[in-house]
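Each remark here refers to the structure printed beneath this line.
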Amino acid sequence: MRSIGILLVILLTLGSIASYVLFQASQGAYGDLVVAGTPTPERIPVAAIDTLDSSQLETAHSLNVFEPKQILFGDLHVHSSFSVDAFQLTLPSAGGEGIHPVADACDFARYCANLDFWSINDHAASLTPRRWQETIDTVRRCDALGGDDPDLVSFLGWEWTQMGSTPDNHYGHKNVVLRDLEDGSIPTRPIAAAPPKGVPSTFDTGANGPLVRGLAAFALPGGHDMMAQLNEIQGVGRCPEGVPVRELPIDCAEAAATPGELFAKLDDWDVASTVIPHGTVWGMYTPAGSDWAKQLTQRDHDPNRQRILEVYSGHGNAEEYRPWRAVAIAEDGSRSCPDPSYGYTPSCWKAGEIIRERCLAEDLPTSDCDQRTTEARQYFVDADRNAGPWTVPGLRPHDLGEAGQCVDCFQPAFNFRPLGSAQYILALGRPRAPEGAQRFRFGLIGSSDNHTARAGTGYKEIGRREFTDARMAEVGRSDLVTRFARDSQSRAEAFPVGENIPSVAFLEAERSGSFFLSGGLAAVHAQTRGRVEIFDALVRRETYGTSGPRILLWFDLLDPNAPNGKWPMGSEVEIAGAPTFRVRAAGSFEQKPGCPNTTSSALTAERVEELCLGECYFPSDTRRPITRIEVIRIRPQIDANEDVTPLIEDSWKTFSCPAQGEGCEITFSDPEFGRDGRTTSYYVRAIEAPTPALNADPLGCQSDGSGGCTSIDPCFDRPGSDECQAPSEQRAWSSPIFLDPKPNVS
């Protein structure tokens, strides 16, 4: 298997170089990749911003929301071509359009998506000192265009991209967003994720590392191809350990192996920042069995910096908890394959069935086939780094069907891991003890996780291959992998201990490509459009997320003792008696075709087509209807051994909304609150009427009529021109309101 991996690296490397040659011949040279570009030197006119603000205020008043804060929409998760995986998507071999610099993200946020704020979050491991400085310069130029009354606030940040090989050493991905752009408020270098002990880093894949560096010698002049980018990254030495961050050399790469180390380094830098976990359920890189419970410690959770969670992105929905598991892990750490449960078939189980079918087709004894089936399932779950599919020789994307997927979740992430879901995280709790964290109290946002420098792509459901990351399926297509794998066999093979997977892109890349969406949005309730006020809203969790549309949402706890008689979403309140809540929601605007004059007057027609695909955020005067409001109640564990399933009540209450009208307004109370002395959190979902959405039915199950899936018609297998749309109930998720029962005072 190691020789296959090395051969794949060679082929893909040479393929990338060949593609680069062809691309230069047809498009001209990329130019200097590390030049981040210059944002278009024109802001959105104040009058256009005032029109949108006035429309929002009018809707708020129609729902009896008076003296409201502004609701501002943004995207806090955007990658440029400075990220290595994003650069791969620019290559013609992946259907790429060419380089997408940081300046593209600025222009897209301002002119295509018409956002109020955004941040750049390239992978820290990709950001050399030169690229980091140019990112800073570009974001500063982008932000400066807004002036004192900004049309767009630009934040600087990076992604701490940690991927463990096993559940024990996996912590996942977190975006770091900085509040300020002045000198002294920005770390000298971003903080990358150091690999777990014994696990190769992203760009030095063990035995293949020297091979990759050797192949760099074949890179073309100018230093602009994939190998040159990797060479520049590998040429930056790791910072020494145990040295205060401000005393480290300027040209070294800073890294942290755990969340605790990341928080400690941010404390050492002492700059205003927030840390936003994301991708918490995405099974492409999250090992089966990974559990967010291990981060509920004072060391690995900082409640002052880690305040909000990305519940939805272009990589899928991370909200819903399910009691099923992809793997069973015993107290001694041994793994086994669980049986299927209602609505879920573990991939390991399906792997056994595939081997059984092959075995019986060879007319081998049933007892032998039973043994091989059991063996195949065990090999699958024992393979670290999600390499289970590699244990089934000749496995192809269609073979697994819907196995491993949450088939009853709203637009779920690929290979959904429920022990990282927002509901599970909110339900975690520990006994009160001074030495340990007691619970997570996260606000919720959405964002895009876009890898083509397109911030806030969810405004229109177009451009499946450009506005989503679906083309990642083309970077590691399995036909390349299986071409060099042995033919289908009736016996699985154990994945060698310590074997390196050349790239995460090879792990079910085509199947995962069906699950990429156009991306969500972060919404904040803010007094002004200013940088500090937006950041403060994030800190106080007065935020919500959407699946892309600009749904308006207010969720408050009514309390005559509160400022203005209410506590907004994100609040922590101690209360006696039954709480009463009020929800107001209004649907997003229907979109008009094309782009508004504010875009066409700032950009050339060619630039509008290249950057925005000729389609921008262009609201009409008609709002989509909100069909219902769903209330979720979560009561955190009292101790670590308590089953969370009955503690997560989804949906606890559901309210239908009128078919006519500008929006929806409901109130509800909870007379059961406080009876058991337990803390409780409440959040709401506002659901829009169904509309077509990209990849909303990712695998296209062909049902047998009894709930089973006889075959699939996945989005990854569609022609490039097929948008693979299906009806979807787009939605907004409020941040929770956290209630503690007030103790009786005699």
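Taking label positions 7 Å along the Cα-Cβ direction at both Ala494 and Val573, the computed distance is 5.8 nm, reported to one decimal.
Provide Phe442, Phe66, Phe467 in ascending order of the number of other Cβ atoms located within 10 Å of each residue's Cβ, fewest first. Let's see the in-between values first.
Numbers: Phe442 25, Phe66 9, Phe467 30.
Exposure proxy ranking, most exposed first: Phe66, Phe442, Phe467.
Compute the Cα gyration tensor for the stretch 240-314, then decide on rounded, prolate or oblate, letting a ≥ b ≥ c be the square roots of its eigenvalues: rounded whenever a/c is under 1.5, prolate when a/b is larger than b/c in the other cases, and oblate in all that remain.
Numbers: a/c = 1.96, a/b = 1.74, b/c = 1.13.
Prolate, since a/c reaches 1.5 and a/b exceeds b/c.
Summarised in one figure, the compactness ratio Rg/Rh of the stretch 654-724, Cα atoms and Kirkwood Rh, is 1.19.
Distances between every pair of Cα atoms in the stretch 546-630, grouped in 10 Å steps from 0 to the bin holding the largest one, split as 14, 29, 22, 18, 12, 4, 0 percent.
The listed peptides 169-180, 135-146, 309-320, 414-425, ordered by packing as a protection proxy, come out as 309-320, 414-425, 169-180, 135-146 (highest mean of other Cβ atoms within 10 Å first).
Counted as membrane-span-like here are DSSP H helices of the chain whose alpha-carbon atoms extend 18 Å or more along the helix's own axis and whose Kyte-Doolittle mean is -0.5 or above; these are 2-27, 46-62, 347-361.
Classify the chain as rounded, prolate or oblate, taking a ≥ b ≥ c as the square roots of the eigenvalues of its Cα gyration tensor: rounded when a/c is under 1.5, otherwise prolate if a/b is larger than b/c and oblate if not. Working shown, then result.
Working: a/c = 1.43, a/b = 1.15, b/c = 1.24.
The shape class here is rounded.
The alpha-carbon atoms of the stretch 313-364 define a convex hull whose volume equals 143 cubic angstrom per residue. The label-point distance for Ala144 and Thr374, in a model that sets each label 7 Å from Cα toward Cβ, rounds to 7.1 nm.
At full extension, Glu362 and Arg678 could sit 107.9 nm farther apart than now, given 0.36 nm per residue minus the alpha carbon distance. Which stretch or stretches of the stretch 532-560 have amide N atoms under 19 Å from the point lying 7 Å from Lys742's Cα along the Cα→Cβ direction? Only 556-560 fall inside the zone, counting backbone N under 19 Å.
Only DSSP H runs of four or more residues enter the estimate; each adds -39500 (n - 2.57), and after division by the residues of the chain the mean residue ellipticity at 222 nm equals -7000 deg cm²/dmol. For the stretch 322-440, what percent of Cα pairs sit more than 25 Å apart? Value for the stretch 322-440: 34 percent of Cα pairs lie more than 25 Å apart.
Over 31 Å apart at the Cα level, from the set Lys350/Lys653; Lys265/Lys653; Lys197/Lys265, are Lys350/Lys653; Lys265/Lys653. Using R0 = 41 Å, the C-beta based FRET efficiency linking Asp536 and Ser651 works out to 0.85. For the pair Glu58 and Glu42, the difference between a 0.36 nm per residue extended length and the Cα-Cα distance amounts to 2.9 nm. Annotation: amide H-H contacts under 5 Å for Cys657 (H modelled 1.01 Å from N, sequence separation of 5 or more, or interchain): Arg628, Ile629.
Once the chain from Asp251 to Asp639 is taken as fully extended at 0.36 nm per residue, the excess over their C-alpha distance is 135.1 nm.
Taken together, the values in this text are just the output of simple stated rules run on the coordinates, not laboratory data. For clarity, every value in this text was computed on a predicted model and none was experimentally measured. Please note: Cβ atoms are built from the backbone with ideal geometry, for glycine as well, and neighbour counts cover all protein chains shown.
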